[in-house]
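S.K.: Here's a structure for you.
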Amino acid sequence: MIQTLVAAAETAERPQDVVVRRKVKRRRDWGKIGLGGYFVVFLFFLYIPMILMAILSFQGPTGQLTFPFRAPFSLDWWKTLFDANTFNTIADDVSASGRQSLWLSLVAGGIVAIFGFSLSMAFLRRWRFKSDVVAFYVIMLALMTPAFLVGLGNQLLWKFIGQTPNLWETALGANVIWGIPFAFLVMLAVWNRYDRHIEEAARDLGAGAVTTFREVTLPLVWTGLFGSFLFGFTLTWNDFDRTILLQNGYEAQPLPILIGTWPSSRPILPNLYALGAGTTAVTLFLILVVLVAVTLRLRFRSAPVQQAAEEFGDTVGLGEAGGLAARAK
Amino acid sequence: MSSSSTPEPPGEEAALLALEEIEEAEAILEQQPPKAEAALGEGARGSRGSGWVTTALAAPGFVYIGFYLVAPLVIIILVSFWTWTDAGFQKTWTTANYSELFNDSTYWHNMLSTFETSLIAVAACLVLGFPVAYFLALKVESLRIQIALFIVALAPFWTSFLTRAIAWTFPLMGREGALNQVLIKLQIVSQPVQDFGFSTLSVRLAMIQLYILFMITPLFFSLAQVDRAALEAARDLGGNWWRTFREVILPQTMPGIVIGSIFIFVLTMGDYGTVATVGGGNITSVGTLIYSKIGAVQYPQGAASAVLLVIVLMIGVWVITRFSNLREEL
């Protein structure tokens, strides 16, 4: 009796076993499509001047500053930047300016990274100076002061103390000022996700302060430092408004000054476009390098966590701990 | 305490005292956990112990900022009250620079037109940038694609403003630039519109194009924090698009809007490079005016103009911050 009932119960269709498949017609999100289209138009608006400029830099020898494109396609105008033996050459200026700009930007990037690191660290240690709100506003002041005024103020200050403003002492300092708040904010974001217990664990295992810093802290925050460096580098690499007031004319001009004073100092030819496109390409390449580095690092860092998550069926939400890369998957 | 003057039953007084004690104990108990936590936190932070490490970390940065930012700003204010000489300035106090400036109609005309340009730029960046940030933050589901698109939109920030300004000037907006050629091809105009290049319109468009990233970035970050559940709830409750936008999205993105507006306002008011390049000398702004004064070695006059510009900037920023309680939101 009981057995037959059990058998009947086993074979009977339970309502919860019935899979009901409703056909849900996925509605097209017209808002998304419209906004996506707008986004493409926006990118066009953002990039079109640079693209036009780059195209025009590849014109033939009769090239002009505007369309139509004067054939043939050639690298002649780019050659004038690097080859001192061409007509209309600016190779000497470009190489001097390029070197000047490169070194200035590298040093600025380094200083910005160091200050971003130390200032954000000081903030995290809850600077008990009671003036940390004031200090925060001072750093933000560096962000909000118009470039032009920083240049003007520094020029007046150096005049006041009886010195001639120059690139390495004055312009570099003024350029770093704008980089500091960006680096500071980047590093604050990095520290916010940083677990200080790891440092403690390292110390418990007998590591000294220097070893802890080198082997534990630094590998975890170096992308932030790299990002800070990038801010310092690119802001200096591209700065015009500050540097124009802080150079004295005896030193090789940085590239932006060379480009900016070009229209008033020499004939405007398509090699100006080549120079502009070239400096832009350097920056874009640098961003690409940083992105690739960060992506690789994220993948590398989250791999063990993801494996563990897969092995344990992710019951404890380990996948979340994998962070960005795990979520992206 | 007052027990001698007002006779009360001793039992009641004791009860009151006991209550007080209990309250005190509770207060102490309440205080304890945060204290303990703080102590633990300090322990976790490790080697700090005293504030000198922190001070050592902070001091070089602030000395640097003091020398290259605060001192220069102070000296601008000082010089604006000093007397002009052929060599620059000398330390004789005067207010002549300001009284001269207040009667200088060219300066105020420029201030007004720069302010107008700024307002237009803020409004345009907000209107044009909001859909971009909205699309990136709320319409793109895959995080990877979101980051990729955001970086594509943000990349020009790291490239040269000046180069982009020059790219804007000749190839695009010039008399024979692409825009005029397209307009002629489409037979919208028959003659090239001279007005595009080196014009106020051109300067304003270029500024929007150059600075809009400073609006999109804060907008993106505040939109990304909008509670998606609240959006769905609003939709489920029958709120149409406009009401959802106005009552759910807008209040939550106000900090982003305010920060972006401050950025654009300050950047456009204090701009020199864009106006000089795209305007090609035809267009003046407060920035180019100050620059020409410095070029003419009129330092005190230039400094006074700069101080007035900063005052206008501060008033503007203050007005913008009225729209949202930033300190609370951050």
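The values are calculated or read from the model by the stated rules, or taken from the named source; none is laboratory data. Just so it is clear, the model here is predicted, and its values are computed rather than measured. For neighbour counting, all protein chains shown are included, and Cβ atoms are generated from backbone atoms with ideal geometry for every residue, glycine included.
One line per residue, one yes/no per condition, for (1) in contact with a Leu (Cβ under 7 Å, 6 or more places away or on another chain); (2) more than 30 Å from B:SER80 (Cβ to Cβ); (3) among the polar types (S, T, N, Q):
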{"site": "A:GLY98", "(1), (2), (3)": "yes, yes, no"}
{"site": "A:SER101", "(1), (2), (3)": "yes, yes, yes"}
{"site": "A:LEU106", "(1), (2), (3)": "no, yes, no"}
{"site": "A:ALA113", "(1), (2), (3)": "yes, yes, no"}
{"site": "A:SER120", "(1), (2), (3)": "yes, yes, yes"}
{"site": "A:PHE148", "(1), (2), (3)": "no, no, no"}
{"site": "A:GLY162", "(1), (2), (3)": "no, no, no"}
{"site": "A:GLU169", "(1), (2), (3)": "no, no, no"}
{"site": "A:ALA174", "(1), (2), (3)": "yes, no, no"}
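S.K.: If B:TRP93 meets every condition in (1) part of a helix (DSSP H, G or I); (2) out of contact with any strand residue (DSSP E or B) (no Cβ under 7 Å at 6 or more places or on another chain); (3) over 30 Å from A:ASP195 (Cβ atoms) apart from one, which number is that one?
M.R.: That leaves (1) as the condition not met.
S.K.: Still on this model: With B:GLY279, B:GLY238 as the choices, which residue is crowded, with 18+ Cβ neighbours inside 10 Å and at pLDDT below 85?
M.R.: After ruling out the rest, the residue left standing is B:GLY279.
S.K.: Condition first: within 11 Å of another protein chain (Cβ to nearest Cβ), more than 22 Å from the chain's Cα centre (by Cα) and touching a residue at least 24 places away in the same chain (Cβ under 8 Å). Can you find one or more residues in the range A:224-245 that meet it?
M.R.: Yes - at least one qualifying residue is present in the range A:224-245.
S.K.: Please work out which residue is modelled with the lowest pLDDT, limiting yourself to the range A:106-134 and to residues that are surrounded by 19 or more Cβ atoms within 10 Å (Cβ to Cβ) and polar (S, T, N, Q).
M.R.: Applying the filter and picking the extreme gives A:SER120.
S.K.: Would you say A:LEU156 is facing another protein chain (nearest Cβ under 9 Å) and at pLDDT 85 or above?
M.R.: The answer is yes for A:LEU156.
S.K.: Would you list the helices (runs of 4 or more DSSP H) that sit entirely within the range B:258-330 and hold 2 or more residues that are at negative phi and of a type in the set (S, T, N, Q)?
M.R.: Because the criterion is at least 2 residues that are at negative phi and of a type in the set (S, T, N, Q), the helices (runs of 4 or more DSSP H) in the range B:258-330 that meet it are B:273-279, B:286-295, B:299-321.
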